[in-house]
Amino acid sequence: MADSRYSFSLTTFSPSGKLVQIEYALNAVAQGATSLGIKALDGVVIATEKKLPPLMDETSVQKIAPVTDRIGMVYSGMGPDFRVLLRKARKKAEQYHRFFKDPIPVTILVQEVANIMQEYTQSGGVRPFGVSLMVCGWDDKGPQLYQVDPSGAYFAWKASALGKGMIQAKSFLEKRYNEEMKIEDAIHCALLTLKEGFDGQLSSSNIEVAVVREDKVFTLLSPAQIKEYLDELE
């Protein structure tokens, strides 16, 4: 109850050492659609639910987006906040490429995005971003998977999940994940994980999947490709 007096201040710590607005931002993430990522030996896959009203055109909504040719990301939480971070991430990647004449490494891009999110936790007149990101890509260190939270904290993961189905999805991944997993197995594992906690029938129109394989190209799977993978699970 004592923390509630500090809930409207972003820059003031509560007596228990919390920035309550960041916890509220994490609540926004926890109410978002389930998203996940899995790193394999020869690639990395990210996937997410995309539940929309029946009359909405699903082609107008994109929850997984490329940052560069080699890097992409997915979010759980508030879509407009993701759009702002995506634009900032693309700008940082282009600045790096123009200066160093090389594609930006995944780790550097994640650090840049995390720094932006952290700045919004200690500045007046703003609020934390209401999203957590799963960033995947391929650089000189091979396939990479990172999670970035509203606080600006970021960590590399072998497999992780975000959103309202996070606990169930992480529990499922802990049982199914194998460090020797190949990318095709990782895609199947990602779909099975989404299916485990999905309310309704999983189809190519209500999920999105993207992969980075050994060709180092970030690729968003088409509905037809997703349907083929779903058929293989039956």
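The values are calculated or read from the model by the stated rules, or taken from the named source; none is laboratory data. For clarity, every value in this text was computed on a predicted model and none was experimentally measured. Glycine gets a Cβ as well: all are built from the backbone with ideal geometry, and neighbour counts include every protein chain shown. Just so you know, the surface numbers come from the protein's heavy atoms only, side chains and all, with ligands and any DNA or RNA stripped out. Shrake-Rupley method; radii C 1.70, N 1.55, O 1.52, S 1.80 Å.
Scan (1) modelled with pLDDT of 95 or more; (2) more than 25 Å from Ala190 (Cβ to Cβ) for the single condition Ala89 breaks and write down its number.
Only one criterion is unmet by Ala89, namely (2).
If you take the residues of the range 76-118 that are open to solvent by 60 Å² or more (accessible area, probe 1.4 Å) and of a type in the set (A, V, I, L, M, F, W, C), which of them is nearest to Pro128 (Cα to Cα)?
The selected residue is Met78.
Out of (1) under 19 Å from Glu49 (Cβ atoms); (2) free of Cβ contacts under 8 Å to residues at least 60 places away in the same chain; (3) in contact with a helix residue (DSSP H, G or I) (Cβ under 9 Å, 6 or more places away or on another chain), what's the single condition that is false for Glu232?
Condition (1) is where Glu232 drops out.
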